[in-house]
Amino acid sequence: MLKIIPIAALALLATSCASVENILPNNTEHATTMTTPATHAKKGLITLQSQHSVSDTANKLTKVIENKGMTVFAQVDHQKNAAGVNLSLRPTQVVMFGNPKAGTPLMNCEQSIAIDLPQKVLITEDAQQRVWLSYNDPQYLKNRHNLQGCDKELANIAKALNGISQAAIAK
């Protein structure tokens, strides 16, 4: 009897973890025209839809970042890395970038925020071949690290993140 309970629990878990797409509304018209920020509160992310491929969005993003005088530290192509070990993954890239003029004041408010710096932008393609650009919501970082006295700096970072993200997804 005791062996049946864990098996039943596993079966329940497997069925409850079925594709999220099966429980979400299938409104592709809205999804393909979405250009305003959508905050995923539980994840602390701001997510925007791009009309470009993952690669094109990432390349546009890096150009915008560099044109703004920031440094691109890395562009990680997770799909390519997965293929290198014979695994498959939908297009997924992360661009890491920053500027000490923006990050240092935050670290002076609370050094633990350094774990979330430099900034990162995630660009992914979902199962419906829609491309999404996501980044950490600065308010999430404020709460996560209990930042005090850095509201002006956080507002500037939020404005910069939104600006470069909007430029990367623009037609």
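Of all residues in the range 105-125, those that are among the acidic types (Asp, Glu), within 13 Å of the chain's Cα centre (by Cα) and not in a helix (DSSP H, G or I) total 1.
Scanning the range 62-71 for residues being under 17 Å from the mean Cα position of the chain (by Cα) and either over 14 Å from ALA160 (Cβ atoms) or open to solvent by 50 Å² or more (accessible area, probe 1.4 Å) (or both) gives a total of 1.
Here THR35 clears all of (1) surrounded by 10 or more Cβ atoms within 10 Å (Cβ to Cβ); (2) at pLDDT 65 or above; (3) not aromatic (Phe, Trp, Tyr) except the condition numbered (2). Just one of (1) farther than 27 Å from GLY149 by Cβ; (2) open to solvent by less than 40 Å² (accessible area, probe 1.4 Å); (3) among the small types (Gly, Ala, Ser) fails for GLY98. It is (1). The condition of being open to solvent by 70 Å² or more (accessible area, probe 1.4 Å) and at pLDDT 95 or above holds for only one of ASN59, ASN81, ASN27, that being ASN81.
For LYS152, the test of being open to solvent by 50 Å² or more (accessible area, probe 1.4 Å), of a type in the set (Lys, Arg) and assigned to a loop (DSSP other than H, G, I, E, B) is failed.
The values are calculated or read from the model by the stated rules, or taken from the named source; none is laboratory data. In this text, all values refer to a predicted model and were calculated from it rather than measured experimentally. FYI the Cβ positions are ideal-geometry reconstructions off the backbone, even for glycines, and counts take in every protein chain you see. Each accessible area value is taken on the protein alone, full model and side chains, heavy atoms only, with ligands, DNA and RNA left out. Shrake-Rupley method; radii C 1.70, N 1.55, O 1.52, S 1.80 Å.
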